[in-house]
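The values are calculated or read from the model by the stated rules, or taken from the named source; none is laboratory data. Note that the structure is predicted; figures quoted are calculated from it, not measured. In this analysis, Cβ positions are derived from the backbone assuming ideal geometry, glycine residues included, and neighbour counts consider all displayed protein chains.
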Amino acid sequence: MFSEPKSSEFRFSDRTNWKLAQNRFTHAVEEVRASGAKVLDLTESNPTRAGLTYDARAILGALSSERALDYDPQSKGLLAAREAVAGYYRDRSGRGERDVAGNVSTKGLGVDPERIILTTSTSEGYSYVFRLLCNAGDELLVPKPSYPLFEFLADLQDVRLVPYPLIYDHGWQMDFPSLEKAVTERTRGVVVVHPNNPTGSYVSAEELQLLNAFCRARGLAVIVDEVFLGYKMDCGGVDSSAAVELRSTGQPGAAVPTCPKSFSSNDEVLTFTLSGLSKISALPQMKVAWVVTSGPQELAAAAMERLEVIADTYLSMNAPIQWAVPVLVEQRKNVQRQLLERVQRNLAELDRQLAGQKACERLHVEGGWYAVLRVPVTRSDEELAIELVREKSVVVHPGHFYDFPNDGYLVLSLITARSEFEEGIRRVLGYLDS
C-alpha cells in the first residue's frame with residue numbers, strides 16, 4: 001500500500017510560473033475588434049500580411065525537391081543549406097561593410113559553413129547558446145529597452161537575465177558603466193541586438209571595440225541577434241550584391257551606401273551571431289534560422305563541438321526546408337527592397353505629420369521596422385494605448401512592452417500598409433493634440 005501524499009494538488013515546474021492572464025491592453029484590442037469596428041493596426045509585424053509581392057512560383061517550387069525523400073541527418077544542417085547562408089554573408093561583404101575602425105573592408109568577412117548551425121528559429125538558436133554557456137542560475141546581460149522574448153527563453157533555460165540600459169542622447173548608446181556594475185562572478189555573456197528592436201540602433205564601431213575589450217577581460221561571450229541587420233534606413237537593399245538604390249531616393253544607379261558590419265566576423269572574443277529568414281527574406285513561416293560561431297580559433301572550435309552535440313540531440317530541421325534554403329535566401333533581394341521602401345516612406349510620412357504639432361517627437365532610428373514616439377506623460381503608456389484603441393480604433397504598442405524605463409513612449413511598426421499607416425498616425429497625433 002502507498003502512503004497517502006500530503007497534497008494531491010498537481011504541480012508544474014517553477015520555470016513556467018508566468019502570468020498567463022490576458023493584460024488589459026490586449027483585452028481592449030480584442031473587445032474593439034469584436035464590436036465590428038475597423039481597427040488600424042500600427043503594430044503589424046507579420047511581413048506575409050503586409051501586402052508584399054513574393055515570387056510564389058520560386059518559393060513553392062523550392063519545397064518540392066525529390067532529394068527531400070532521402071533521410072540524411074546532419075547535426076549542423078545540410079551542407080548545401082549552410083553554404084547558402086555563408087553566401088549571404090559573402091554578398092554582404094561584397095557590398096562594403098565597415099571594420100571596427102569604421103573603414104570599408106572586405107577582409108576576413110567570409111563565414112565558414114562549418115561554423116554555421118541551422119535551427120528552426122532564432123529562439124531555438126538562443127536556447128542552444130544559453131545551454132552551452134550557462135549552468136542553472138548563471139547570468140546573461142541583456143539590453144533594455146528590447147524585445148520581451150528573452151524573459152521566456154531565459155526562464156526555460158534556468159538562466160537569470162540582468163538588464164543593462166541603452167541610453168538616449170541624440171541617438172541610442174550602450175551604457176558601459178552600467179555593464180560594469182551589472183557583471184558578477186556568475187555572468188557568462190552579453191546579449192546585443194544589432195539593430196535593436198524597437199530602438200532601431202546599431203552597435204557602433206566604437207561600441208564594438210569597447211564591448212570586445214569588456215568581454216575579453218572577463219572571459220564573457222557575446223550573443224548577437226542580427227535579424228534586422230539588412231534594414232538600415234539609408235542602405236538600399238543591403239543584402240543584394242547588385243548596386244541599386246531604392247526608387248524612393250530618386251537616384252537610380254547611385255552608389256550604394258556602406259552598410260553595417262555583421263558580428264559574424266568578430267574574432268576578438270567568442271561570439272554567437274543569430275539570424276534567419278523570418279526577417280531577412282520576410283518568410284517567418286518557413287522556420288529557418290542559424291547560429292554562426294566566431295572568435296579565437298581554439299575557443300570557437302571547442303564551442304562548435306559542443307553546439308554540434310546539442311543540435312544533434314534534437315535534429316529539428318526538416319529536409320524539404322533545408323533543400324529550399326538556397327532559393328529562400330535569394331528571395332531577400334526582392335523582398336528587402338519592398339520593405340525598405342515601405343519603411344522609408346512611412347517614416348517620411350510620420351515626420352511630415354509630426355512637423356505639424358509640438359506634443360510628440362520621434363526618437364532617432366537607424367534601422368529595423370519600428371519607430372519610437374516620445375509622448376506627453378499624462379497617464380501610463382498602457383492607459384494611453386487603451387484609450388487610442390477604444391476612442392480612435394488604432395493599435396499601437398505601449399513602451400512598457402519593451403521595458404522602457406518609464407512612461408512616455410509608444411512603439412509603431414513601419415511596415416504597415418501606407419494608407420493605413422497615414423490615417424493611423426493622423427488619428428494618434430490628433431488625439432494627443434486634443
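Regarding residue 373, is this residue more than 30 Å from residue 268 (Cα to Cα) and either in contact with a Phe, Trp or Tyr (Cβ under 9 Å, 6 or more places away or on another chain) or polar (S, T, N, Q) (or both)?
So residue 373 fits the description; yes.
Of the residues 309, 327, 291, only one is among the β-branched types (Val, Ile, Thr), surrounded by 20 or more Cβ atoms within 10 Å (Cβ to Cβ) and either assigned to a loop (DSSP other than H, G, I, E, B) or at pLDDT 95 or above (or both); which?
Just a single option satisfies the conditions, and that option is 291.
Checking residue 352 against (1) outside the structural domain of residue 69 (by TED's automatic domain parsing); (2) surrounded by 16 or more Cβ atoms within 10 Å (Cβ to Cβ), which test does it fail?
Looking at each condition in turn, residue 352 falls short on (2).
Being assigned to a loop (DSSP other than H, G, I, E, B) and surrounded by 14 or more Cβ atoms within 10 Å (Cβ to Cβ) is the filter here, so list the residues in region 176-185 that pass it.
183 - this is the single residue of region 176-185 that is assigned to a loop (DSSP other than H, G, I, E, B) and surrounded by 14 or more Cβ atoms within 10 Å (Cβ to Cβ).
When region 343-380 is examined, which residues are found to be over 23 Å from the mean Cα position of the chain (by Cα), in a helix (DSSP H, G or I) and not hydrophobic (A, V, I, L, M, F, W, C)?
Quick first cut of region 343-380, residues over 23 Å from the mean Cα position of the chain (by Cα) only: 349, 351-361, 375-380.
Filter once more, keeping what is in a helix (DSSP H, G or I): 349, 351-354.
Hits for region 343-380 are 349, 351, 352, 353.
Using the structure shown, decide if residue 129 is assigned to a strand (DSSP E or B) and either modelled with pLDDT of 95 or more or not assigned by TED's automatic domain parsing to the domain that holds residue 190 (or both).
no
Mind checking which residues of region 306-364 are over 17 Å from residue 63 (Cβ atoms) and among the polar types (S, T, N, Q)?
If the condition is that a residue be over 17 Å from residue 63 (Cβ atoms) and among the polar types (S, T, N, Q), then 313, 316, 334, 336, 338, 344, 346, 353, 357 are the ones that fit.
Considering region 111-143 alone, what residues qualify as being more than 23 Å from residue 315 (Cβ to Cβ) and crowded, with 16+ Cβ neighbours inside 10 Å?
To start, the set of residues in region 111-143 that are more than 23 Å from residue 315 (Cβ to Cβ) comprises 135-143.
Listed by number, the residues that qualify are 138, 139, 140, 141, 142, 143.
Looking at the structure I just gave you, is residue 337 buried (at least 23 other Cβ atoms within 10 Å of the Cβ), within 19 Å of the chain's Cα centre (by Cα) and among the basic types (Lys, Arg)?
It is false that residue 337 is buried (at least 23 other Cβ atoms within 10 Å of the Cβ), within 19 Å of the chain's Cα centre (by Cα) and among the basic types (Lys, Arg).
For the condition more than 21 Å from residue 50 (Cα to Cα) and of a type in the set (A, V, I, L, M, F, W, C), what is the one hit in 417, 385?
Checking each option against the conditions leaves just 385.
From (1) modelled with pLDDT under 95; (2) not in a helix (DSSP H, G or I), pick out the condition that doesn't hold for residue 153.
All conditions are met except number (2).
Would you point out the residue of region 187-238, among those that are among the β-branched types (Val, Ile, Thr) and touching a Ser or Thr at 6+ places or on another chain (Cβ under 7 Å), that is farthest from residue 402 (Cα to Cα)?
Selected residue: 222.
Yes or no: residue 66 modelled with pLDDT of 95 or more, loosely packed, with under 14 Cβ neighbours inside 10 Å and outside the structural domain of residue 188 (by TED's automatic domain parsing)?
Considered against the rule, which asks whether it is modelled with pLDDT of 95 or more, loosely packed, with under 14 Cβ neighbours inside 10 Å and outside the structural domain of residue 188 (by TED's automatic domain parsing), residue 66 comes out as no.
What are the pairs with Cβ atoms under 9 angstrom where one residue, in region 388-414, is free of Cβ contacts under 8 Å to residues at least 12 places away in the same chain and the other, located anywhere, is buried (at least 23 other Cβ atoms within 10 Å of the Cβ)? Sequence gap at least six, or different chains.
So the pair list comes out empty.
Can you confirm whether region 244-256 contains a residue that is among the small types (Gly, Ala, Ser) and at pLDDT 95 or above? Reasoning before the result, please.
Step one: of region 244-256, the residues among the small types (Gly, Ala, Ser) are 248, 250, 253-255.
Applying the additional criterion that residues be at pLDDT 95 or above yields none.
Within region 244-256, not a single residue is among the small types (Gly, Ala, Ser) and at pLDDT 95 or above.
Just to be sure, is residue 145 in the same structural domain as residue 318 (by TED's automatic domain parsing), farther than 30 Å from residue 74 by Cα and touching a helix residue (DSSP H, G or I) at 6+ places or on another chain (Cβ under 7 Å)?
When the stated conditions are applied, residue 145 passes them.
Would you mind stating whether residue 425 is among the hydrophobic types (A, V, I, L, M, F, W, C), within 16 Å of residue 200 (Cβ to Cβ) and touching an Asp or Glu at 6+ places or on another chain (Cβ under 8 Å)?
no
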